[in-house]
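Let me begin by presenting the structure, written as structure tokens, before commenting on it.
The values are calculated or read from the model by the stated rules, or taken from the named source; none is laboratory data. Source: prediction; values computed, not measured. Cβ: placed from backbone, ideal geometry, glycine included. Neighbour counts: every protein chain shown. To get the accessible areas, we keep the full protein, side chains included, count just its heavy atoms, and leave off ligands, DNA and RNA. Shrake-Rupley method; radii C 1.70, N 1.55, O 1.52, S 1.80 Å.
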Amino acid sequence: MDAQLKTLIDLQSVDTRIAALDAEAARLPKEIAAIHAEIDAAKKDIEAGKARLDAAKKDQRTREKDLEVVQAKRSKTEGRLYEVKTNKEYSAVLAEIEEIKQEKGRVEEDILLLMESQERLTVDIKDAEARFKARETQGKQEESALQEKLRAVEADLALVRTERAELARQLPAPVLADYDKLLKARGGLALAQVIKPNLCGGCRMTVTPQRLQELRAQSALLPCESCGRYLYWLA
């Protein structure tokens, strides 16, 4: 095998490794960000529960004031019973008192429902706090492992890029330029091995018999006639 072709094959192998490491280096921070998002969401659940609890308490205070108004209104209306002079007026005051009693019952029911709601919300908040603490603890462990993995990937990248630079120096500038152009244009695969009996390993198109003959006696870089990638043949 031609030495230049051997260097290109080695370079392709290194670039494939770099692409995989780059993808990993890009993926890991996203996983860390996803962990942070989950923890933030768990924290927001607590805050939302507390906000609902505060709102329920505020509503209860409002209804308790309403109840005081209703009770005062009832006392005042009951006092009028002693002031009326006719049966008709007496009946009217009694009807008004009955309406006030019903209003009082509705307000008391609202207060009771709000108190029950607060009890449920208090339980929900405690559950949310427990989930948050558990997710936070787990998240810290997961993030630590991912950060360690990211450091290892970045260290590997530095080594592999150094290896690539050394290989690239062994190639003539025009050949390296063509290779880099193909690498970018063909999805990170500039070289393709012929898949026996006669397929390009890059585009899966048939390699002509003439080109196969040239590849078997390869003394120069030969492109695939379909995709343009450099081809090589391994007996």
Which distance in nm do the two modelled labels at Glu154 and Glu68 give, with both placed 7 Å along the Cα-to-Cβ direction? 6.1
Could you work out the helix-only [θ] at 222 nm for the chain, with each DSSP H run of four or more residues adding -39,500 (n - 2.57) and the total divided by the number of residues, to the nearest 500 deg cm²/dmol? -28500 deg cm²/dmol
Mean-position separation - Cα centroids, the stretch 79-97 and the stretch 36-68, in angstrom: 44
Pull out the extension gain between Asn87 and Ala220, defined as 0.36 nm times the separation in residues minus the alpha carbon to alpha carbon distance; nm, one decimal. 35.7 nm
Angle, helix 87-169 long axis vs. longest principal axis of the chain, Cα atoms, 0 to 90°, nearest 10? 20
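Quick one: length gained pulling Arg27 to Ala130 fully straight, 0.36 nm per residue minus the C-alpha distance? Could you put the intermediate results ahead of the total?
Details: separation 103, 0.36 × 103 = 37.08 nm, distance 2.94 nm.
Full extension from Arg27 to Ala130 adds 34.1 nm.
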Per residue of the stretch 224-230, in order, report the coupling 6.51 cos²θ - 1.76 cosθ + 1.60 (Karplus, θ = phi - 60°) as ³J(HN,Hα) in whole Hz, putting x for Gly and Pro. 5, 6, 9, 9, x, 5, 5
Quick check: with the 1.4 Å probe, what order do Glu166, Glu214 take by accessible area, largest first? Glu166, Glu214
Sort Arg17, Arg169 by accessible area with a 1.4 Å probe, largest first. Arg169, Arg17
Say the cut-off is 29 Å between C-alpha atoms; which of Lys65/Lys133; Lys50/Lys101; Lys57/Lys133; Lys30/Lys133 go over it? Lys65/Lys133; Lys50/Lys101
Enter the accessible area of Leu222 (Å², nearest 10), with the probe set to 1.4 Å and all protein chains included. 30
Taking amide H positions as placed 1.01 Å from N in the peptide plane, with prolines and chain starts having none, which residues 5 or more places from Leu222, or on another chain, fall under 5 Å of its amide H? Leu231
Among all the aspartates and glutamates, which ones have a C-alpha under 15 Å from Lys88's C-alpha, if same-chain residues fewer than 8 places away are not counted? Glu96
Probe 1.4 Å - accessible area at Ser117, Å² to nearest ten: 30
By how many degrees, 0 to 90 and rounded to 10, does the Cα axis of helix 3-79 deviate from the longest principal axis of the chain? 0
How long is the gain from Leu199 to Asp54 if the chain were fully straight, where each residue apart is worth 0.36 nm and the alpha carbon distance is subtracted? 45.1 nm
Given the whole protein assembly as supplied and a 1.4 Å probe, what does the accessible area of Leu113 come to in Å², nearest 10? 90
I'd like the orientation of helix 173-185 relative to the chain: the angle between its Cα long axis and the longest Cα principal axis, in ° from 0 to 90, rounded to 10. 40
Taking the Cα-to-Cβ direction at Gln213 and at Glu47 and moving 7 Å from each Cα, how far apart do the two end points lie in nm? 7.5
